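The values are calculated or read from the model by the stated rules, or taken from the named source; none is laboratory data. Since we're looking at a predicted model, the values are computed, not measured. Please note: Cβ atoms are built from the backbone with ideal geometry, for glycine as well, and neighbour counts cover all protein chains shown.
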C-alpha cells in the first residue's frame with residue numbers, strides 16, 4: 001500500500017506543487033491543511049501515515065500542531081519542511097517529536113528520501129543539521145522547557161499575531177473572559193507583562209516567525 005500523506009502549508013501553491021510531486025512518486029495525498037489546527041483535525045479524521053508540514057502557519061503553528069498530533073495520533077509521524085535553521089526552531093521540533101526536519105533549500109529528492117526513511121521508523125535530518133547538534137538542542141530544551149500549556153501557547157501565538165482578546169475568544173470558540181484568563185495566566189508564568197515582550201518571547205520560542 002502507498003504511504004498516506006497529509007500536507008499542511010498556508011500557501012495553496014506550495015501544497016499543490018508538493019501534491020503533484022509526491023503523487024508522481026507513488027505516495028497518496030489524503031488531505032491538505034492551511035493551518036495547524038486544520039492539520040490536527042484532519043490527522044484525527046484521516047489518520048495519515050505521515051504529516052508533511054511547514055512551521056509558520058496562522059492560528060496554530062506547525063510545532064504546536066505537531067505536539068498535539070503526537071499526543072492524539074501517536075501512530076502518525078511528522079516531517080517539518082521549513083526555511084529555519086536556527087537553534088530555537090530545531091530544538092522546538094525535536095521536543096515536539098518531529099521525525100523529519102527538511103530545509104526548503106534542499107532538493108525534492110531529500111523530501112522523498114525523508115518520507116521513505118521516516119515511514120520505516122527512522123529519523124531524517126537535512127544534511128546540514130548534524131545529529132550531534134540536535135542532541136545538544138534536545139538537552140538544552142529539556143533544561144529550558146516552555147512552561148506553557150498547549151492552549152496557552154495557542155493564545156500566545158494569536159496575541160503575537162496581533163489579535164485582540166475578543167478575536168482570540170472568537171477564533172478559539174471560548175468566552176472573552178476565558179481568553180483573558182489564559183492571557184493573564186501565561187503572562188504570570190512567563191513573568192512578562194507587556195505585549196511587545198510577549199511577541200519577542202514567541203519569536204524566540206519559534207511560536208511565530210519574525
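Taking only region 67-92 into account, find how many residues are in contact (Cβ under 8 Å) with a residue 40 or more places away in the chain and assigned to a helix (DSSP H, G or I).
8
Here are some conditions: (1) over 18 Å from the mean Cα position of the chain (by Cα); (2) at pLDDT 90 or above; (3) outside the structural domain of residue 52 (by TED's automatic domain parsing); (4) not in a loop (DSSP other than H, G, I, E, B). Residue 174 meets all but one. Which one does it not meet?
(4) is the only condition that residue 174 fails.
So that you can scan it fast, the table gives a plain yes or no per residue for (1) closer than 27 Å to residue 150 by Cα; (2) surrounded by 14 or more Cβ atoms within 10 Å (Cβ to Cβ); (3) in contact with a strand residue (DSSP E or B) (Cβ under 9 Å, 6 or more places away or on another chain):
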| site | (1), (2), (3) |
| --- | --- |
| 5 | yes, yes, yes |
| 9 | yes, yes, yes |
| 12 | yes, no, yes |
| 27 | no, yes, yes |
| 34 | yes, yes, yes |
| 38 | yes, yes, yes |
| 45 | yes, no, yes |
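Only one of 95, 85, 23, 110 is under 20 Å from residue 121 (Cα atoms) and out of contact with any helix residue (DSSP H, G or I) (no Cβ under 6 Å at 6 or more places or on another chain); which? Outline the logic, then answer.
Values: 95 fails: out of contact with any helix residue (DSSP H, G or I) (no Cβ under 6 Å at 6 or more places or on another chain); 85 fails: under 20 Å from residue 121 (Cα atoms); 23 fails: under 20 Å from residue 121 (Cα atoms).
Answer to the check: 110.
Here is a list: 98, 118. Which entry is surrounded by 21 or more Cβ atoms within 10 Å (Cβ to Cβ) and touching a residue at least 40 places away in the same chain (Cβ under 8 Å)? Explain how you work it out, then say what you get.
Working: 98 fails: touching a residue at least 40 places away in the same chain (Cβ under 8 Å).
Unique residue meeting the criteria: 118.
Here are some residues: 55, 115. Which one is touching a strand residue (DSSP E or B) at 6+ places or on another chain (Cβ under 7 Å) and part of a loop (DSSP other than H, G, I, E, B)? If you could, list the steps in order and put the result at the bottom.
Values: 115 fails: part of a loop (DSSP other than H, G, I, E, B).
From the options 55, 115, the qualifying one is 55.
Quickly run through region 1-32 and pick out the residues that are closer than 15 Å to residue 113 by Cα and under 18 Å from the mean Cα position of the chain (by Cα).
5, 18
When you go through (1) under 14 Å from residue 5 (Cα atoms); (2) surrounded by fewer than 17 Cβ atoms within 10 Å (Cβ to Cβ); (3) in contact with a strand residue (DSSP E or B) (Cβ under 7 Å, 6 or more places away or on another chain) one by one for residue 85, which number turns out not to apply?
The failed condition is (1).
Residue under question is residue 202, and the condition is that it be exposed (fewer than 13 other Cβ atoms within 10 Å of the Cβ) and in a helix (DSSP H, G or I); does it hold? Talk me through it step by step, then tell me what you get.
Details: exposed (fewer than 13 other Cβ atoms within 10 Å of the Cβ): no; in a helix (DSSP H, G or I): yes.
No: the conditions fail for residue 202.
Evaluate the following for residue 22: is it in contact (Cβ under 8 Å) with a residue 40 or more places away in the chain, assigned to a helix (DSSP H, G or I) and touching a strand residue (DSSP E or B) at 6+ places or on another chain (Cβ under 7 Å)? Spell out how you get there, then give the answer.
Working: in contact (Cβ under 8 Å) with a residue 40 or more places away in the chain: yes; assigned to a helix (DSSP H, G or I): yes; touching a strand residue (DSSP E or B) at 6+ places or on another chain (Cβ under 7 Å): yes.
Considered against the rule, which asks whether it is in contact (Cβ under 8 Å) with a residue 40 or more places away in the chain, assigned to a helix (DSSP H, G or I) and touching a strand residue (DSSP E or B) at 6+ places or on another chain (Cβ under 7 Å), residue 22 comes out as yes.
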